[in-house]
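The values are calculated or read from the model by the stated rules, or taken from the named source; none is laboratory data. Since the structure is predicted, the reported quantities are computational estimates derived from the model, not experimental observations. Cβ sites come from the backbone with ideal geometry, for glycine too, and all protein chains shown count toward neighbours.
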Amino acid sequence: MKKICVITGTRAEYGLLYWLLREVESSIDFILQLVVTGMHLSSEFDLTYRQIEEDGFNIDRKVEMLISNDSNSALTKSMGMGLIGFADCFAELKPNLLIILGDRFEMFSAAAAATVAKIPIAHIHGGETTEGAFDEAFRHSITKMAHLHFTTTEIYRKRVIQLGESPSKVYNVGAPGIENIKKLPLFSLEEFEKSIEFKLKKRNLLITYHPVTLEVSTAEEQFRNVLLALDTLDETGLIFTKANADSGGRVINKMIDDYVARNHGKAVAFASMGQLRYLSAMQYVDAVVGNSSSGLLEAPSFHIGTLNIGDRQRGRVRADSVIDCGYSEQAILDGLQKLYSENFQSALKHVKNPHGDGDVASKILTKIRERSLEGMLKKTFHDIQW
């Protein structure tokens, strides 16, 4: 039996990996090794590894790498700690295949350590672009270290091949988040309101705003404009989920806490909602607001709008339900006006999500089964015929 090691470092990433973890765990030909790191092990982000354990998964290793500071130098030091931790982890677990999702610095450290340890890597969500974040460089770097690739659209599949990967090892399987929408028994309205201890209003918005990490010290100004625009809305409930452990994230989270404290009854905030509550929220809100990838990946499947602010997600494939706007207060106000316009709202019911229709976990495991994990490290660069 081959040992498949899956790494998760954030609440959102774990939610996307959930069904794949279940698929590997229940298989008769693979052994699941689960490693948690990053925000899962931080009390500041609600120690979300406990949710993983409550879901019934056995955590094989915990790799501490997050420093309680979000400066650029602190994140770089975190990556160094991650390299050391993953080196020991892989030496002990000796996996036959490592599965990594996404583009964060935690995953870059894991991929680098696995490359030196000669462990084959399967990468999910490669080929995408987020031009406003340094995650862009991490994602493409992980692609070059990986041996199997599972993309969410055909456009992204072609981009991975453009990076020199063999077409025979690049598969378009769709977005894992859509599988959650299809399979998770989401909350009823009463259950959802009880779970967040908040009564929804006539209108409601789900807001997540992350720092644009390629820009310098812009988080506070940009997010202030978001709050100023939201403050003009009447009879609107605001559900905030806090920023990740990126440079400038703590500034945003402090501003969220202060805003909620001033607007008790109108706004509520969570360090982590968990996948079930987060997707349940999408059933009942009018739109996702901010710059989270969930507004582009999952929100279209609920036929709700997305107000995508700024450049963090620039370059990603998007549905017609996504409204792009600038950082200024007026640009956000104009975006909100369009969001609630009769024409836009009526068009939402016809929106099609370009990121597939679910059933991703079984597709990934089927492709892994078809490959021999022996000798996978022997790679050549695939040149495109221009």
(message) If I ask for residues that are surrounded by 19 or more Cβ atoms within 10 Å (Cβ to Cβ), over 20 Å from residue 377 (Cβ atoms) and aliphatic (A, V, I, L, M), which ones from segment 138-180 would you list?
(response) 173, 175, 178
(request) For residue 327, state whether it is out of contact with any helix residue (DSSP H, G or I) (no Cβ under 9 Å at 6 or more places or on another chain) and surrounded by fewer than 20 Cβ atoms within 10 Å (Cβ to Cβ). (result) no
(request) Looking only at segment 239-250, decide whether some residue is free of Cβ contacts under 8 Å to residues at least 60 places away in the same chain, of a type outside the set (A, V, I, L, M, F, W, C) and over 29 Å from residue 190 (Cβ atoms). (result) no
(request) Could you check, for segment 18-34, whether at least one of its residues is charged (D, E, K, R), at pLDDT 95 or above, in contact with a helix residue (DSSP H, G or I) (Cβ under 6 Å, 6 or more places away or on another chain) and not assigned by TED's automatic domain parsing to the domain that holds residue 298? (result) yes
(request) Return the total of residues in segment 286-322 being surrounded by 21 or more Cβ atoms within 10 Å (Cβ to Cβ), more than 16 Å from the chain's Cα centre (by Cα) and aliphatic (A, V, I, L, M). (result) 4
(message) So if I check each of 70, 55, which one is more than 21 Å from residue 358 (Cβ to Cβ) and outside the structural domain of residue 273 (by TED's automatic domain parsing)?
(response) 70
(request) Tell me which of these residue 227 doesn't satisfy, since it passes every other one: (1) within 18 Å of residue 184 (Cβ to Cβ); (2) modelled with pLDDT of 95 or more; (3) not in a strand (DSSP E or B). (result) (1)
(request) Quickly run through segment 247-301 and pick out the residues that are under 20 Å from residue 219 (Cβ atoms), among the small types (Gly, Ala, Ser) and in contact with a strand residue (DSSP E or B) (Cβ under 6 Å, 6 or more places away or on another chain). (result) 267, 269, 290, 292, 295
